[in-house]
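Participant: Sharing a structure with you now.
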Amino acid sequence: MTEHSTTLNKTLPENSPLPQHELLQEKSWYKTLNITDWLFALAILTIAVLVQIKMPHHMDVYEVAILWTSAAIATALGWFFKPMRWFILGSVALAYMAVGLYNGNIAHAGEPPQGKFLLRYLLSSQSAIMWQSALTIFAFILYALGAIVAWKQERRLPENGVSPQPNLLLGMASGLAWSAAFAGFVGLLVRWHESYLLRPDAGHIPVSNLYEVFILFMVITGLMYLYYERKFTMHKLGVFVYTIMVALVAFTLWYSWERGAHEIQPLIPALQSWWMKIHVPANFIGYGAFCMAAAFGVAELLALRGVKWLPDAAQIEEAMYKAIAVGFLFFTIATVLGALWAADAWGRYWSWDPKETWAFIVWLNYAIWLHLRLVAGWRGKVLAWWAIIGLFITAFAFVGVNMFLTGLHSYGSL
């Protein structure tokens with residue numbers, strides 16, 4: 001018997017089990033669920049059943065499958081990220097309130113005497129989206145002011161002092177960021193109902209043009225950032241993410257005022273497919289993650305240059321890596337779904353259309369990024385710059401192709 005085993009036998013009581021590593025002692029994820037988790041799941045199940053009962057004439061078998069898959073995803077999100085519970089249930093409740101206020105008449109969102117106050121100023125899709133835009137700008141202002149306060153606090157610390165906790169301004173900014181995402185999501189849900197009020201036989205999910213997907217883009221990016229902010233306790237990075245978000249708001253407002261993009265239009269034949277309901281959201285989870293990773297890349301470069309009020313550069317890079325990994329996963333899923341949609345619509349999976357070509361370039365860019373980090377062991381400045389440049393590649397694939405190139409996806413042009 002070895003010396004180690006002899007020592008172990010002396011320290012353990014007779015017939016006692018061997019000690020387990022702390023990771024092996026953790027409960028399985030399923031066993032960690034409590035009564036609140038199951039009540040939330042029951043609420044989501046109830047909502048899905050009510051939708052199934054009240055709207056069967058609007059759904060084919062594929063849309064029913066999407067409904068129940070969405071219910072499962074919503075439940076998982078609420079279990080995984082607790083703040084999503086009130087977000088999901090609250091947005092559905094407000095959207096349902098808007099449906100009741102409309103009472104089948106789109107004029108109830110217009111001028112008095114038919115117009116209703118809550119719809120006109122709060123719950124109609126355009127009102128909610130304008131609230132989203134305003135709250136996003138306010139969140140950016142408070143994130144910026146909070147960053148300035150953090151910088152001043154850092155300057156007053158001794159050489160090896162401990163950085164203070166997130167200040168009040170950053171906490172308020174997080175609240176506004178949640179409110180902005182909430183308003184945007186409510187706006188999208190209500191817009192979906194409005195499309196059926198305008199055209200009962202041509203209603204559609206609001207991801208059919210650049211205006212609608214930009215709203216979805218801001219909602220997803222905001223929610224993803226708020227998750228990483230909470231997970232890594234990095235409120236100070238909000239100013240970088242919401243600088244990009246303000247640019248998105250500016251584009252959305254311009255696109256609405258100059259092009260009338262906020263008006264609900266009939267769905268063109270190329271988009272009259274259930275594939276759109278799963279391809280587009282998956283795509284924009286990827287876009288949102290890549291956008292956030294670029295903002296983290298800027299923060300990491302500053303941290304590497306010695307900006308002390310920011311979190312540690314290695315911590316920022318870890319968040320950036322996780323964001324790109326999640327984005328890459330969903331962008332890959334979206335690309336596969338897009339190929340299946342193309343086969344269904346055009347009879348071939350891939351046509352090397354400009355949109356498809358640039359989607360492949362985006363996919364290849366982040367595949368190489370992940371390979372260099374995971375296999376080659378790259379770290380630091382190069383990957384941060386790569387994430388920033390990757391945003392411009394992604395932006396061209398998303399918007400630039402629609403502006404400067406033509407092809408099978410030209411229906412999404414500016």
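Participant: Going by average Cβ density within 10 Å per residue, which order do the peptides 128-138, 102-112, 269-279 take, highest to lowest?
Facilitator: So the peptides 128-138, 102-112, 269-279, ranked by packing, come out 128-138, 269-279, 102-112.
Participant: Next question, about the same structure. Sorted by accessible area (1.4 Å probe), largest first, how do 229, 154 line up? It would help to have the intermediate numbers written out before the result.
Facilitator: On the way: 229 10, 154 35 Å².
Ranking 229, 154 by accessible area, largest first, yields 154, 229.
Participant: Moving on to the next point. Taking the stretch 39-81 on its own, what percent of its Cα-Cα pair distances exceed 17 Å?
Facilitator: 29 percent
Participant: Here's a follow-up. Which order do the peptides 348-357, 329-338, 178-187 take when ranked by the mean count of other beta-carbon atoms within 10 Å per residue, highest first?
Facilitator: With the highest mean Cβ count within 10 Å placed first, the list reads 178-187, 329-338, 348-357.
Participant: Further question on the same structure: Sequence neighbours fewer than 8 away in the same chain don't count; with that in mind, list the lysines whose C-alpha is under 30 Å from residue 82.
Facilitator: 27, 31, 54, 231, 236, 277, 322
Participant: Could you state the accessible area per residue of the stretch 30-74 in Å², with a 1.4 Å probe and every protein chain left in place?
Facilitator: With the other protein chains kept in place, the stretch 30-74 gives 67 Å² per residue.
Participant: Probe radius 1.4 Å, ligands and nucleic acids ignored: give me the carbon and sulfur share of the accessible area of the stretch 78-178 as a rounded percent.
Facilitator: With neighbouring chains kept in place, the figure for the stretch 78-178 is 70 percent.
Participant: Once the mean 1/r over all distinct Cα pairs of the chain is inverted, what Kirkwood radius in angstroms do you read off?
Facilitator: The answer is 23.7 Å.
Participant: Helix 35-54 versus the longest principal axis of the chain: what is the Cα-based angle in degrees, 0 to 90, to the nearest 10?
Facilitator: In the chain, helix 35-54 runs at an angle near 20 degrees to the longest axis.
Participant: State to the nearest 20 debye the size of the charge dipole of the chain about its Cα centre, where the only charges are +1 on K and R beta carbons and -1 on D and E beta carbons.
Facilitator: 660 debye
Participant: Next question. Once both axes come from the Cα atoms, what is the angle between helix 276-304 and the longest principal axis of the chain, in degrees from 0 to 90, rounded to 10?
Facilitator: Long axis of 276-304 versus the principal axis of the chain: about 50 degrees.
Participant: Can you find, among 68, 123, 275, the residue sitting farthest towards the positive end of the charge dipole of the chain, where Lys and Arg contribute +1 and Asp and Glu -1 at Cβ?
Facilitator: My answer, from the dipole projection, is 123.
Participant: Where does the stretch 66-121 land on the Kirkwood hydrodynamic radius, alpha-carbon pairs, in angstrom?
Facilitator: By the Kirkwood definition, the hydrodynamic radius is 13.0 Å.
Participant: Let me ask you something else. Viscosity 1.002 mPa s, temperature 20 °C: Stokes-Einstein D of the stretch 164-322 from its Kirkwood Cα radius, in µm² per second?
Facilitator: Diffusion coefficient, whole number: 125 µm²/s.
The values are calculated or read from the model by the stated rules, or taken from the named source; none is laboratory data. Values in this document were obtained by computation on a predicted structure and should not be read as measured data. Here the Cβ is made from the backbone with ideal geometry for all residues, glycine too, and neighbour counts use every protein chain on show. Note: areas computed on protein heavy atoms with side chains; ligands, DNA, RNA excluded. Shrake-Rupley method; radii C 1.70, N 1.55, O 1.52, S 1.80 Å.
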